[in-house]
Amino acid sequence: MSVADPPDSAESRHKESVDTVVIRFCGDSGDGMQLAGTQFTNVSAVFGNDVSTLPDFPAEIRAPAGTIAGVSGFQICFSSRDIYTPGDEVDTLVAMNPAALKSNIGDLKRGGTLIVNEDAFEKSNLQKAGYDKNPLDGDEELAAFRVHKVPMTRLTRDSVEGLGLSQREADRCKNFFALGLVYWLYDRDPKPTEDWVTAKFGRKPEIAEANLRALKGGSNFGFSTEAFTVHYEVPPAKLAPGKYRKITGNEALAMGIATAARLSNTEVVFSGYPITPASDILHDLSKFKHFGVTTFQAEDEIAAMSATVGAAFGGQMAITASSGPGICLKGEAMGLGMITELPMVIIDVQRGGPSTGLPTKTEQSDLLLALFGRNGESPMPIIAAQTPGDCFWAIQDALRMAVEFMTPVILLSDGYIANGAEPWPVPKVEDVKPIIVDRPTEHNSDEGYMPYLRDERLVRPWAKPGTPGLEHRLGGLEKRDVTGNVEYSPSNHQHMSDTRARKIAGIAEFIPEQEVDGEEAGDLLVLSWGGTYGSVRTAVRQAQQDGKAVTHAHLRYLNPFPRNLGKLIGSFKKVLIPELNLGQLSLVIRSTYLVDAVSFNKIQGKPFKVVEIYNKINEVLKG
């Protein structure tokens, strides 16, 4: 059966214009929901919408098919205006089986559109999802929604008939049928997806043709059925002029690292061990060898961190990345990097914990680990990225700080930022600050080269091993200041511990002062960090539009804090700190500034909804 081009629906079906839409594709982990969501994101980005995404992967690698544990989802918010989050409530939910429906229906707004593959609602799948009866058979649970029962499996098989595919191969195309239907519903041009399919399956033309037919089949179904009485358009957003691309947090980190290699004219060595959700950094970086990036997959986290210390000792830009469990294992070697005062960056893409915890879900519960998770007095600067695109700039800030102050720096990302995507303006070369690597080539004293002879910022020099005349000693044993000789005396250990701490604390004088969104004094300061940026910024602006004296301060530098933070906090009657943990930043702020900050905590593996923070703001203001 061939599939004809869809008629021009714009002339024959009522179309409504809306400014923002949230869609979620959900199904079994083998249903291609991540691919469908990614293609919809690409098409919307090409069209010119602002987009924000939230992939939601199952935590178990091989959860039984058809069960709630195996449900995979992809949420996208696309808009004709600036947006900061993937949205709170879902406008259109595409559910490919009963388990997907059961686990996601709670997020569909009242009156929202529900599209289900009714062919998947058979007895065994209903039992796996825990349904006593078919919810599509007039169940009151779905009465609040506009339900479209679509026989996607059968229609997909009809679309690809005659191509000689097995039934399993034919059924694997049903994600494209669903995608085509949603493309029609939101008036999307499928051309970018058609081009992608043609390129992706160029060596398997029958598979390419099947996916293209399924895509058209879904679009034709949307046009021809009487069930959809309206479809929608979302005009392009008014983005600043420039060249844009879609980018995820992990992609931005990889690009930022490769850019740093060029900016510093120094080879980057990235040592890592696979762990969700940080693994993609290693995968993406392995493609950038021609930019001076060397990647090393170690046998475990301890080896990866030790190799990072070795690369820094050897004069390279040294980086490693992991998630919470891996950072725990890296702790001892991170301390070695700290006591040797070598420049390196440790990226922690946070996930739900403790232990294996929720590997594919987001959380912000490694802040105290980053601050204190090492033996001895081992302070390190901490920087937190706030959006996927910001990861490009955050990694360069971290590398620049590591080199300028000769210290390991911890960069915090999280699963939400790492896997989420947004339009990203590709920067011009002149907009990227250089990273200056200054290595001595001569003696720095009359007595030769002194590896711990510090400048006014307490920063020691970084001599590259093998430089004639600059032979010196480094290691994990305590050293005497200036000379670097091993020194066990009590007074020297006190002096060196104090000096290292003062060096890190002194960085506050060189980082930017804390900026705010709103007035610099008022009733309430909402203080946030990391991936909560979008939700908090949106909620605060809604409160400001209501006439409330609320200001937002989003922290990029978590150790040391910006030098004006204490004064800023003292200018507000109340301080609210929303976090995806049980109050870690709140604990530090309360102890540092002796302020009675109000914690607002969520630890469910999901980001904050805007409405949750907005309601909390009003509650605190009334309290």
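Consider Lys238 carefully, then state whether it is touching a residue at least 12 places away in the same chain (Cβ under 8 Å) and not assigned by the TED database to the domain that holds Gly37. Let's see the steps before the verdict.
Details: touching a residue at least 12 places away in the same chain (Cβ under 8 Å): yes; not assigned by the TED database to the domain that holds Gly37: yes.
In short, yes.
Can you give me the number of residues within region 306-332 that are touching a residue at least 12 places away in the same chain (Cβ under 8 Å), part of a helix (DSSP H, G or I) and not aliphatic (A, V, I, L, M)? First the steps, then the outcome.
Kept after step one, since they are touching a residue at least 12 places away in the same chain (Cβ under 8 Å), are these residues of region 306-332: 306-309, 311-332.
When the remaining residues are screened for being part of a helix (DSSP H, G or I), the result is 306-309, 311-313, 324-332.
Next, only the ones that are not aliphatic (A, V, I, L, M) stay: 306, 308, 313, 324-326, 328, 330-332.
Counting residues in region 306-332 that are touching a residue at least 12 places away in the same chain (Cβ under 8 Å), part of a helix (DSSP H, G or I) and not aliphatic (A, V, I, L, M) gives 10.
Cβ-Cβ below 9 Å, separation at least six or inter-chain, first residue in region 377-405 and on the phi > 0 side of the Ramachandran plot, second buried (at least 24 other Cβ atoms within 10 Å of the Cβ): which pairs?
none
Within region 339-394, which residues are open to solvent by less than 10 Å² (accessible area, probe 1.4 Å) and of a type in the set (D, E, K, R)?
Residues satisfying the conditions are Glu341, Asp348, Glu363.
Can Gly242 be described as modelled with pLDDT under 95 and on the phi > 0 side of the Ramachandran plot? Write out each step before concluding.
On the way: modelled with pLDDT under 95: yes; on the phi > 0 side of the Ramachandran plot: yes.
Criteria met by Gly242.
Just for region 370-390: of the residues that are assigned to a helix (DSSP H, G or I) and hydrophobic (A, V, I, L, M, F, W, C), which one is farthest from Gln350 (Cα to Cα)? Show your work before the answer.
Taking region 370-390 first, the residues assigned to a helix (DSSP H, G or I) are 370-372, 390.
Going one step further and asking which of them are hydrophobic (A, V, I, L, M, F, W, C), we end up with 370-372.
On the way: Ala370: 11, Leu371: 14, Phe372: 16 Å.
Only one residue fits best here, namely Phe372.
Give the number of residues within region 199-208 that are open to solvent by 70 Å² or more (accessible area, probe 1.4 Å) and assigned to a helix (DSSP H, G or I).
Here is the first cut: in region 199-208, the residues open to solvent by 70 Å² or more (accessible area, probe 1.4 Å) are 199-200, 203-206.
With the extra rule that they be assigned to a helix (DSSP H, G or I), the set shrinks to 199-200, 205-206.
Going through region 199-208 one residue at a time, the tally reaches 4.
Output the number of the condition that Arg213 fails; it satisfies all remaining conditions of (1) surrounded by 12 or more Cβ atoms within 10 Å (Cβ to Cβ); (2) not in a helix (DSSP H, G or I).
(2)
Can you tell me which residue among Ser264, Ser224, Ser286 is within 29 Å of Asn117 (Cβ to Cβ) and out of contact with any Pro (no Cβ under 6 Å at 6 or more places or on another chain)? Please lay out each step first, then the result.
Working: Ser264 fails: within 29 Å of Asn117 (Cβ to Cβ); Ser286 fails: within 29 Å of Asn117 (Cβ to Cβ).
The match here is Ser224.
From the list Val409, Val482, Val486, which one is in contact with a strand residue (DSSP E or B) (Cβ under 8 Å, 6 or more places away or on another chain), among the aliphatic types (A, V, I, L, M) and in the same structural domain as Gly337 (by the TED database)?
When all the criteria are applied, what remains is Val409.
May I ask you to list the residues in region 182-205 that are among the aliphatic types (A, V, I, L, M) and either modelled with pLDDT under 95 or more than 28 Å from the chain's Cα centre (by Cα) (or both)?
Looking only at region 182-205, we keep the residues that are among the aliphatic types (A, V, I, L, M), and these are 182, 185, 197, 199.
Correct list: Leu185 only.
Looking at Ala252, Ala240, can you tell me which residue is of a type in the set (Gly, Ala, Ser), closer than 30 Å to Ile319 by Cβ and either within 30 Å of the chain's Cα centre (by Cα) or open to solvent by 10 Å² or more (accessible area, probe 1.4 Å) (or both)? Break it down into steps so the answer makes sense when it comes.
Working: Ala240 fails: closer than 30 Å to Ile319 by Cβ.
The conditions single out Ala252.
Please determine whether any residue of region 412-431 is in a loop (DSSP other than H, G, I, E, B), out of contact with any helix residue (DSSP H, G or I) (no Cβ under 6 Å at 6 or more places or on another chain) and crowded, with 20+ Cβ neighbours inside 10 Å. Can you show your working first?
Our first condition is that a residue be in a loop (DSSP other than H, G, I, E, B); within region 412-431, this holds for 420, 426-428.
Of the ones still in play, those that are also out of contact with any helix residue (DSSP H, G or I) (no Cβ under 6 Å at 6 or more places or on another chain) are 420, 426-428.
Subset that is crowded, with 20+ Cβ neighbours inside 10 Å: 420.
The answer is yes; a qualifying residue exists.
Yes/no per residue for (1) more than 30 Å from Thr360 (Cα to Cα); (2) basic (Lys, Arg); (3) at pLDDT below 95:
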| residue | (1), (2), (3) |
| --- | --- |
| Lys548 | yes, yes, no |
| Leu576 | no, no, no |
| Leu580 | no, no, no |
| Leu585 | no, no, no |
| Val588 | no, no, no |
| Glu612 | no, no, no |
| Val620 | yes, no, no |
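Please pick out the residue among Pro468, Pro451, Pro434, Pro440 that is open to solvent by 90 Å² or more (accessible area, probe 1.4 Å) and farther than 30 Å from Asn615 by Cα.
Working: Pro451 fails: open to solvent by 90 Å² or more (accessible area, probe 1.4 Å); Pro434 fails: open to solvent by 90 Å² or more (accessible area, probe 1.4 Å); Pro440 fails: open to solvent by 90 Å² or more (accessible area, probe 1.4 Å).
The unique qualifying residue is Pro468.
Yes or no: region 530-551 includes at least one residue that is of a type in the set (A, V, I, L, M) and free of Cβ contacts under 8 Å to residues at least 40 places away in the same chain. Spell out the reasoning first.
Here is the first cut: in region 530-551, the ones of a type in the set (A, V, I, L, M) are 536, 539-540, 543, 549-550.
Restricting the remaining residues to those that are free of Cβ contacts under 8 Å to residues at least 40 places away in the same chain gives 549.
Within region 530-551, one or more residues are of a type in the set (A, V, I, L, M) and free of Cβ contacts under 8 Å to residues at least 40 places away in the same chain.
Looking at the structure I just gave you, is Leu524 hydrophobic (A, V, I, L, M, F, W, C), over 27 Å from the mean Cα position of the chain (by Cα), assigned by the TED database to the domain that holds Pro607 and crowded, with 17+ Cβ neighbours inside 10 Å? Lay out the reasoning, then the answer.
Details: hydrophobic (A, V, I, L, M, F, W, C): yes; over 27 Å from the mean Cα position of the chain (by Cα): yes; assigned by the TED database to the domain that holds Pro607: yes; crowded, with 17+ Cβ neighbours inside 10 Å: yes.
Here the answer is yes, as Leu524 does meet what is asked.
The values are calculated or read from the model by the stated rules, or taken from the named source; none is laboratory data. What you see is a predicted model; the values in this text were computed from it and never measured. Because the Cβ atoms are built from the backbone with ideal geometry, glycine has one as well, and the counts that use them run over all protein chains shown. Surface accessibility is based on the protein's heavy atoms, side chains included, excluding ligands, DNA and RNA. Shrake-Rupley method; radii C 1.70, N 1.55, O 1.52, S 1.80 Å.
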